[in-house]
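Heads up, the thing below is written out as structure tokens.
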Amino acid sequence: MTGTRMRRASGKGKAPTGVRQFLDIEQQRDWIDGKADLTDADERSESVEHRFRYAARFEKLLSRPQGKDVLAILGLYGPTCIPIPRRTERFYWSVSCLPSTSDKPLTRVNASWMELFTLYADGEDVRSRFILHLSDFTTDGSATPALIDEAFLEQSVATPEDVSWFVPSGADMFGVRVRGSISIRKFLANPRALRAIRTFNLTHMNRGRNAYQASHSYSVADHMLPG
């Protein structure tokens, strides 16, 4: 997240919202840059009733040929891409299991009103969609679609054919599609891509309460939380 973007988000004179209630701007910047090991909550705030509401969907996910890969990828995504995931679970981010939307995802991670990361079936493998800031993927750091750093994107996955992108409506918005569990893992491990993911996730986690709390799957989240 650029300094300008974070300063605008800080809202001087206003009560802190989102992750700002738990982490100040310097801590957030350090986390984005991989310079901080954040102290998370020891316990989760959990509703047993809510957990059982989506238990059948979780069992259905496990029966899919992609189930193990989905949980393994989310096991990488949760600890590295979401700040203090235990403290912010459900109320500032959530993960849905087999959500009933027309694109038929396997899982989707959301914050505020925004999709962050979605996994789909691709044969017996998986494909993913990341929503990010366009300015993190241009050659000059601007939100100019003509300046997308295509070379970087192609080098951030196992083979160039595994990545594609689109520019959705909205200021400074960018979508990256990655095919195959190997390429998804490589994209998550790329320092520049990881920084962009963290930046976008914090942008929306700082906007306030998550609108998708009701669809949160604790069973899937179990695999996203460290320790």
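The values are calculated or read from the model by the stated rules, or taken from the named source; none is laboratory data. This one's a predicted model, so the numbers in the text were calculated from it and none came from an experiment. Here the Cβ is made from the backbone with ideal geometry for all residues, glycine too, and neighbour counts use every protein chain on show.
In this structure, does T144 turn out to be of a type outside the set (K, R) and surrounded by fewer than 16 Cβ atoms within 10 Å (Cβ to Cβ)? Explain how you work it out, then say what you get.
Values: of a type outside the set (K, R): yes; surrounded by fewer than 16 Cβ atoms within 10 Å (Cβ to Cβ): yes.
Answer is yes for this residue.
Which condition from (1) crowded, with 19+ Cβ neighbours inside 10 Å; (2) in contact (Cβ under 8 Å) with a residue 60 or more places away in the chain; (3) closer than 15 Å to I131 by Cβ; (4) not β-branched (V, I, T) is the one that F187 breaks?
So F187 meets the others, but not (2).
Let me confirm something: among V95, V109, V126, which residue is surrounded by 15 or more Cβ atoms within 10 Å (Cβ to Cβ), over 11 Å from the mean Cα position of the chain (by Cα) and modelled with pLDDT of 95 or more?
Just one listed residue meets the conditions, V126.
List the helices (runs of 4 or more DSSP H) that sit entirely inside segment 119-213 and contain at least 2 residues that are in contact with a His (Cβ under 7 Å, 6 or more places away or on another chain).
Those helices (runs of 4 or more DSSP H) span 191-205.
Six or more apart or on different chains, Cβ under 7 Å: which pairs go from a residue in segment 30-52 that's over 16 Å from I84 (Cβ atoms) to one that's of a type in the set (G, A, S) and assigned to a helix (DSSP H, G or I)? Could you list them?
R51/S219
If you scan segment 99-118, which residues turn out to be of a type outside the set (K, R), under 18 Å from R185 (Cα atoms) and assigned to a strand (DSSP E or B)?
Of everything in segment 99-118, those that are of a type outside the set (K, R), under 18 Å from R185 (Cα atoms) and assigned to a strand (DSSP E or B) turn out to be T107, V109, L116, F117, T118.
Can you go through S102, S128 and tell me which one is without any contact (Cβ under 8 Å) to a residue 24 or more places away in the chain and under 30 Å from H50 (Cβ atoms)?
Result of the check over S102, S128: S102.
Which number in (1) free of Cβ contacts under 8 Å to residues at least 60 places away in the same chain; (2) hydrophobic (A, V, I, L, M, F, W, C); (3) out of contact with any Ser or Thr (no Cβ under 8 Å at 6 or more places or on another chain) marks the one condition that L76 misses?
If we test L76 against (1) free of Cβ contacts under 8 Å to residues at least 60 places away in the same chain; (2) hydrophobic (A, V, I, L, M, F, W, C); (3) out of contact with any Ser or Thr (no Cβ under 8 Å at 6 or more places or on another chain), just (1) comes out false.
Kindly provide the set of residues from segment 195-220 that are under 20 Å from Y120 (Cα atoms) and out of contact with any Pro (no Cβ under 8 Å at 6 or more places or on another chain), ordered by number.
Answer for segment 195-220, where residues must be under 20 Å from Y120 (Cα atoms) and out of contact with any Pro (no Cβ under 8 Å at 6 or more places or on another chain): I197, Y212, H216, S217, Y218, S219, V220.
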